[in-house]
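Heads up: the structure comes next, in structure tokens.
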Amino acid sequence: MALPKHAYFRGKIVPYSEARVGVATHALNYGTSIFGGMRGYWNEEEQQMFLFRPYDHFRRLLNSAKMMLMDLGHTPESLTEVTKELLRTEGYKEDVYIRPLAFKASEVIGVRLHNLEDDITIFCVPFGTYVSNDTNAHCTVSSWRRIDDNMIPARGKIGGAYVNSAFIKTDAMRAGFDEALVLTEDGHVSEGSAENVFMVRDGVLITPPVTDNILEGITRRTVMQLARDELGIEVVERHIDRTELYICDELFLTGTAAQITAVTKVDHRPVGTGEMGPITTKLREIFNKVVRGKMPKYRDWNVPVY
Ligand code: PMP
């Protein structure tokens, strides 16, 4: 990954080399950080970069902050302005990934959430696809379980909680899979290591409810709306059993990084025909237009940078 040239750090935009923390920083020792991940899409015809749903991403970040007793002194609007300014400083004319990261910044020993200073930084890097086989991914079901909301808030994007995702992803990849789906403690399908999951059965799009320890994905919400409004498909939120993954007609992952990644094999069993299905194909086409500002109906989701 190419390093950023600048970062937003301690209230201003600085050269990336100056965005540094000390080794005693609380978040580095105890995982007490929260983060976001959003994309900026370059639109060649308009010579414009569009942030995709930044206000929704920052609203989720501030909800994570609230759970972690962080006061960042920012609103979704102020954070969006900072992000635009940072991107203009970097001058990117290609697709980018934007990482806001808030953290317990005090340099002290002691596990807790209270009586600590908070800080927020933002950096951006050029970014393409995340799951390499995004039209034909092979997934397994992880032997790890997804963190439960009563252990670490599952709907928060909390640094320390991503150790769970790291175990899931590495074990899957070392076993030769592209990604893994992970189950809740009671054995229902929750999500991927960094993606939400959808399956198609008999023409109905099904995804686990927000109470199954998922991260409440912005891409998930986008896909649910596009499926209903553009394709007229019924979308249902309900528990998914592991073996439904083996017999469903289509399966795909959604996320800012993964976008819409088709899963065509689960634990060596073909999904449907074993090739990306028609609903996944159509949703990917629509999604790719929407994120680049090419569907006027959804232009509210595209925030211009330049
Ligand atoms: N689940 C997890 C665990 C994630 O890290 C992500 C990526 N942020 C998602 C789901 C997808 O969320 P979004 O569509 O908002 O990127």
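Among the residues making up segment 151-195, those that are in a helix (DSSP H, G or I), away from the ligand (no atom under 13 Å from the Cβ) and either crowded, with 21+ Cβ neighbours inside 10 Å or among the charged types (D, E, K, R) (or both) are D171, A172, R174. Considering (1) touching a Gly at 6+ places or on another chain (Cβ under 6 Å); (2) in a strand (DSSP E or B), the lone condition that I120 does not fulfil carries the number (1). For the criterion of being among the hydroxyl-bearing types (S, T, Y) and either part of a strand (DSSP E or B) or more than 28 Å from R292 (Cα to Cα) (or both), Y97 passes.
What helices (runs of 4 or more DSSP H) completely inside segment 213-306 contain at least 1 residues that are within 30 Å of L79 (Cα to Cα)? Can you show your working first?
Working: elements: 218-231, 244-247, 278-291.
Here the list reads 218-231, 278-291.
Here S132 fulfils each of the conditions (1) within 18 Å of the chain's Cα centre (by Cα); (2) away from the ligand (no atom under 13 Å from the Cβ); (3) within 20 Å of H268 (Cβ to Cβ); (4) assigned by TED's automatic domain parsing to the domain that holds V271 apart from (4). Checking each residue in segment 24-58 for being charged (D, E, K, R), touching a residue at least 40 places away in the same chain (Cβ under 8 Å) and not in a strand (DSSP E or B) picks out E46, R53, D56. In segment 52-76, the residue that is farthest from V223 (Cα to Cα) out of those that are in contact with a Pro (Cβ under 9 Å, 6 or more places away or on another chain) and aliphatic (A, V, I, L, M) is M68.
Looking only at residues in segment 131-150 that are β-branched (V, I, T) and in a loop (DSSP other than H, G, I, E, B), which one is surrounded by the fewest Cβ atoms within 10 Å (Cβ to Cβ)?
First, pick out the residues of segment 131-150 that are β-branched (V, I, T): 131, 135, 140-141, 147.
The next check asks that each one be in a loop (DSSP other than H, G, I, E, B); those that pass are 131, 135, 147.
Details: V131: 21, T135: 17, I147: 22.
Across segment 131-150, the extreme among qualifying residues is T135.
Collect the residues in segment 100-126 that are surrounded by fewer than 16 Cβ atoms within 10 Å (Cβ to Cβ) and among the charged types (D, E, K, R), keeping them in residue-number order.
Within segment 100-126, the first condition is being surrounded by fewer than 16 Cβ atoms within 10 Å (Cβ to Cβ), and the residues that meet it are 107-115, 117, 125.
Residues satisfying the conditions are E107, R112, E117.
Just one of the listed residues (P54, P4, P76) is within 16 Å of the ligand (Cβ to nearest atom), in contact with a helix residue (DSSP H, G or I) (Cβ under 9 Å, 6 or more places away or on another chain), farther than 19 Å from D118 by Cα and modelled with pLDDT of 95 or more, and it is P54.
The values are calculated or read from the model by the stated rules, or taken from the named source; none is laboratory data. For clarity, every value in this text was computed on a predicted model and none was experimentally measured. Glycine also receives a Cβ, built like all others from the backbone with ideal geometry; neighbour counts cover every protein chain displayed.
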